[in-house]
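The values are calculated or read from the model by the stated rules, or taken from the named source; none is laboratory data. Not measured: the values here are computed from a predicted model. Cβ placement follows ideal geometry from the backbone for every residue including glycine, while neighbour counts extend to all protein chains displayed. The accessibility values were calculated without ligands, DNA or RNA, using every heavy atom of the protein model including side chains. Shrake-Rupley method; radii C 1.70, N 1.55, O 1.52, S 1.80 Å.
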Amino acid sequence: MDRVRPFPSRRRLLQGAVAAAVPAALLPPTHAAAQARAVDYPLAEWVPASTSNYTAANRPTTYPIDYVIIHVTQETYADTLAIFQNPAKKVSAHYVVRSKDGHIAQCVRERNVGWHAGNWTYNTRSIGIEHEGWVDKPEYFTNAMYEQSAALTAAICAKYDIPKDREHIIGHHEVPGSDHTDPGPYWDWSRYLRLVNFA
């Protein structure tokens, strides 16, 4: 009759531990872990813009951050991300918010200077947030978009000590020298600022 050991031998335990540890040590970091290191806002997905479309910096050390600039894409969410990834376009924003569900993509790290305002001084001192939609189609400005964008803006304001008011949270059309009209007449600033302040 064979005798069954009640516990595995010490040697077998050590072999098992080594076998389990080695593959994990050799594997690259998971996508989720890599993304967590890439984004500044935990609820955002990392969808990087081309490095040809922004300026690497070390903000707020190199430039103070004291504005959030609100944009409307005049494109779909997917097309906006593709534009930011195209090195020939020379444009980017830090974040893009999808209309239907408020999903947020981060395309440029906050420490870097996005090329979104059309004014170098404002680019260096701001975070740009694009919103999927068109200025003349208010149906794109959904509850989910407002709520998620406002939570993002509130987090940015808290992080950089930016006042949550209309002097510091501005539309693209308010940037000096801008020829843009976004976010346009259907963007509900009162609602947005209320959501930012209660986020």
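Straight-line cross-link partners of Lys100 among the lysines, defined as a Cα under 22 Å from its Cα and at least 8 positions apart when in the same chain: Lys137. For the stretch 116-199, the set of GluC sites (Glu not before Pro) satisfying both a DSSP loop assignment and a count of at most 13 other C-beta atoms within 10 Å is given as Glu167. Amide H to amide H, with H built 1.01 Å from N, Gly171 comes under 5 Å of Ile70, counting only residues 5 or more places away or on other chains. Taken about its Cα centre, the stretch 45-198 carries a charge dipole of about 420 debye when Lys and Arg each add +1 at the Cβ and Asp and Glu each add -1 at the Cβ. Rolling a 1.4 Å probe over the protein heavy atoms gives the stretch 45-198 an accessible area of 44 Å² per residue. Per atom type, the stretch 45-198 shows carbon and sulfur on 49% of its accessible surface, probed at 1.4 Å.
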